[in-house]
Amino acid sequence: MAASGWINGKVKAVPSGDTLVIMGRAKAETLPPEKSITLSSIIAPRLALRYGSDEPFAWDSREFLRKLCIGQDVKFKVEYIIPASGREFGRVYLAGDQNIASLVVAQGFAKVKQQRQKGDTSPYVTELLRLEEIARDQGLGCWSKEPGAVEASVRILPSLTIAEANPSGTKGFVAEMKGKALQAIVEQVRDGSTIRVYLIPSFSFVQVYVAGVQAPSMGRRLPSVVAQKEVTNNVDADGKASRDAQEPPILGTLQKPVASAVTYSEIPPDRFGKEAKHFTETKVLNREVRIILEGTDSFDNMFASVYYSDGNTAKDLALELAENGFAKYMEWSANMLGAETKRKLKNAELQAKKEQLRIWTGFQPPVTNTTAIHNQKFTGKVIEVVNGYCIIVADDILPGGSPSAERRVNLSSIRPPKLVDSFGESKTIEHFACAAKEFLRTRLIGKQVHVSMEYSRRINISNRQVAANKTNIVDDKILDYGSVFLPPHVGSSGNLLGANVAELLLSRGCADITRHRDYEERSHHYDALLAAYSRAEKAKKGYHAKKDYPATHMNDLTTVPAKKARDFFHLLQRNKRHSAVVEYIFSGHRFKLTMPNETSTIAFSFSCVRCPGKNEPYSDDAIALMRRTILQRDVEIEIEAVDRTGTFLGSLWESKNNMAYVLLQSGLAKLSSFGLDRISEAQTLIRAEKYAQQKKLKVWENYNEAEVIPQRSLAGQNGKETFKVIVTEVIGGGMFYAQIVGDRRLDNIRQELASMKFNDASDTLIAEDFSYTLSDTLEVQPEHTPSDTSEVGVEPKNHVVPLRFKWSSLFKDEVDTLKDEIPPVGTSEAEDLAANVPSDVVPFNPTKGDVVLAQFTVDNSWKRAMHSPFICPLPPFLLTSLPPSALPPDCVLPPTQHHEPIHL
């Protein structure tokens, strides 16, 4: 206080047309002092209390002073105090030394008090009288001379409450006015979140609770009535003694209490209760506010959103209370509000808790399973969509072969949509879970994204629930969550990160928002996610529509017997190419494909292309290449065959690129010649393999071109190679086996065969039954072979096998030619021949299907032969001398091929 007695302050309230409540300057963490000052030397019309009528122009007088002074800085001086009532009278000046009393009198809203001694009038009062005279002459305010002006200025307050005036009570009134903005003036503040207002223009006096928050209580008085135990007569009507004095007396006809005492027990205000009330008073007391009724509770208390003006900005009282730590967020009353308002209140309370403001001083959040992740941002390419809420991103900074290059990112603050079934169990809606995965696959696979990691959570693997707060739990797994942003469109401005993927899922109704606890970490863009969820819920998009969707069934041919897959192969031959999606990478050349048009899933492998197997060098490189190029991409396939395991063989294209060519050119696969003639782009694959060989890439790192036997080839037309070959076997009308002329590998095989040593033995055939003619039986004794060759020794059996009747005449002619050369059985020549057979010769008796090696005397070449059910009684040299048409049908002599092993 200054020496002259003048005090600076701010007007907090205006109770009437001549009274102000002024608060001083507050010290740190303390409430400011307050004074109620009545303007000296003037008197304004009196306002009615709850019911009744005001004096003429009383409301207008109060409104003029309220609008003039509320919230303004003033200086005042107390002139005198009435001891009986304690009322303080004084002068109050606005900035610029404007006397407030003079301004009120000049507008005719107050009269100057009559002075007791007219001769003792001060200059201050003289000025007031002059202004009053001017206002009277001009007919201002209460001096108005207009007809009906006095009656119109009288405010008649309603005698009925809203519940009494409305036929359906308070609930009916709130239901009728819900969502509508009502103008009101705050007359009282009960506590920080409860106000009493006049609704304009009906002047209904109502008590309103601020929806969504609750401020600390201001305390209350609880009355307690204690009846004295003394009564005029302790005998009841029947003359019996009264009950024990310890029990409450039962008032009968002869019992009357002498007296009772009423006492009150005071419940003190809650911590920061006074501060919260003072905060609300400084914001809305005696100010015009906008009230939007939201609902009622079971006691018919009205809950509303209260908005007041702060300069040119409208502010929410509930939000201000929560942000400054003066109120708690109340979920049950916040459910009356919109999603956006709820989100703001929740975030405001969370921030106040972190900063430990006011009522949250000393607040210690409980231990949670979420941990914030700071300063982890990276850019990469999406290579896999695990499900609709988890993706795998390859970090651009890390090398492709590094184990940490692929990072699993769970989308923050969203989860699969779930519905509660008739048994009360919450189940995931499979239709929208699949829709979310397909949406991410089509939008993200192969695209560059920006990832901002935000928090991690420990999850129990067995039930996918949040794990307990324990350490060293085997079944627990740490999941990392973050926000994923698509790159911004070219020329776009504002959002430098592009669209939030989680927000896109929520806006389409393919995901649900995660309801985090107060102390849990959440997405840094949780507000935008809640807004997207609210839009989808309001528009009834996705699962919000509550519709039943048919289940999609896929025929999985990877889990059925191979025969069923082979049967399905004929159906796929109708079209040359098919659209498919790569679901899984088994190895560098074998995949799992989904064919949407055929609603089937198949196992697919490249034809004639093989990558390193498991745990072999460069196996992981081949898998990594395929994961980054075709996994979950839309591809085209051409199926050429199916193997015995049910795996379909063919070619695969992604964006018109043959992926087998990519593997071969990268040196991560080798080309097999078997079945290469079925591939339409065989020459392209051969050139890709040769390129990798020349560069010595990956699997060809030890390739030595000098060790490879060159093949003679002639350049033909259209870039094809022409070879001079010898046909060794004809399979069908369009397929045959051939040996390339000049292939050194054939010479090596012949040299190895020539160096082989066999036992020299003569084949003897003895006929026991001479009843057969030469046309039905044959007795054969082979000639001695040349000394420089060795033949396979055959020990004949002691019986004669009858010849087939369908032999050709050519074969019979050959038999007749040899008839005279074979010595008859029993002659001396036959005995001499049998005596020359060594005694230690082991008989050779081939069985059905055995492959034998024989030297044919026609060209002294070694051929391969297969034993048939018919045992031919002719020696090898005779077989080689016969044309094919003369041989029996069961005598099979497959030609020799250089690429097949020789079995002895």
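Taking a point 7 Å from the Cα of R577 along the Cα-to-Cβ direction, none of the residues of the range 585-611 has its backbone N closer than 15 Å to it. Among R590, R610, R517, R46, the sequence by solvent-accessible area, most first, with a 1.4 Å probe is R46, R517, R610, R590.
Once divided by 2.2 N^0.38 Å, the Cα radius of gyration of the range 501-643 becomes 1.47. Only protein heavy atoms count here; under a 1.4 Å probe, T368 has an accessible surface of about 40 Å².
Subtracting the Cα-Cα distance of D137 and T379 from their residue separation scaled by 0.36 nm leaves 79.0 nm. For the range 1-128, with all protein chains in place and a probe radius of 1.4 Å, 51% of the accessible heavy-atom surface sits on carbon or sulfur. When only Cα pairs below 8 angstrom with a gap of at least 6 residues are kept, the range 564-624 shows a relative contact order of 25 percent.
Determine the share of the range 519-632's accessible area contributed by carbon and sulfur atoms, expressed in whole percent, with a 1.4 angstrom probe. Don't skip to the end; give the middle numbers.
On the way: 3120 of 6310 Å².
Reported share for carbon and sulfur atoms: 49 percent.
Which FRET efficiency value, to the nearest 0.05, is calculated for R633 and E752 with the Förster distance at 41 angstrom and r the Cβ-Cβ distance? The pair R633/E752 has a calculated efficiency of 0.25. Across the range 1-140, Cα pairs under 8 Å and at least six residues apart give a relative contact order of 23 percent.
Protein-only accessible surface at a 1.4 angstrom probe places the residues D60, D73 in the order D73, D60, largest first.
Between V560 and I726, the distance separating the two model label sites (each 7 Å from Cα on the Cα→Cβ line) works out to 4.9 nm. Rounded to the nearest 10 square angstrom, E721 shows an accessible area of 90 square angstrom against a 1.4 Å probe. Evaluated at q = 0.10, 0.22 Å⁻¹, the base-10 log of the normalised Debye intensity for the range 45-140, with identical point scatterers placed on the Cα atoms, takes the values -0.32, -1.38.
Roughly how many Å² is the accessible area per residue of the range 144-227, as a whole number, for a 1.4 Å probe? Don't skip to the end; give the middle numbers.
Working: 4420 Å² over 84 residues.
Each residue of the range 144-227 exposes 53 Å² on average to a 1.4 Å probe.
Over all projection directions, the Cα-based convex hull of the range 74-207 averages an area of 13.6 nm².
Pairs exceeding 20 Å between alpha-carbon atoms, taken from K344/K547; K614/K670; K12/K342; K274/K328; K328/K353: K344/K547; K12/K342. Surface calculation, 1.4 Å probe, protein heavy atoms: E146 sits at approximately 130 Å² accessible. Taking the range 58-144 as the region of interest, the number of lysine pairs whose Cα atoms are within less than 22 Å, with members eight or more places apart or on different chains, is 5. The residues neighbouring C434, those whose beta-carbon lies less than 14 Å from its own, together hold a net charge of 0 under the Lys/Arg +1, Asp/Glu -1 convention.
Accessible surface ranking for S144, S412, 1.4 angstrom probe, highest first: S144, S412.
Electrostatic tally near E79: other residues with Cβ closer than 11 Å to its Cβ, Lys and Arg +1, Asp and Glu -1, net +1.
The values are calculated or read from the model by the stated rules, or taken from the named source; none is laboratory data. Everything quoted here is computed from the prediction, not taken from an experiment. With ideal geometry, Cβ positions are generated from the backbone for all residues, glycine too; neighbour counts draw on all protein chains shown. Side chains included, ligands, DNA and RNA excluded: accessible areas come from the protein's heavy atoms. Shrake-Rupley method; radii C 1.70, N 1.55, O 1.52, S 1.80 Å.
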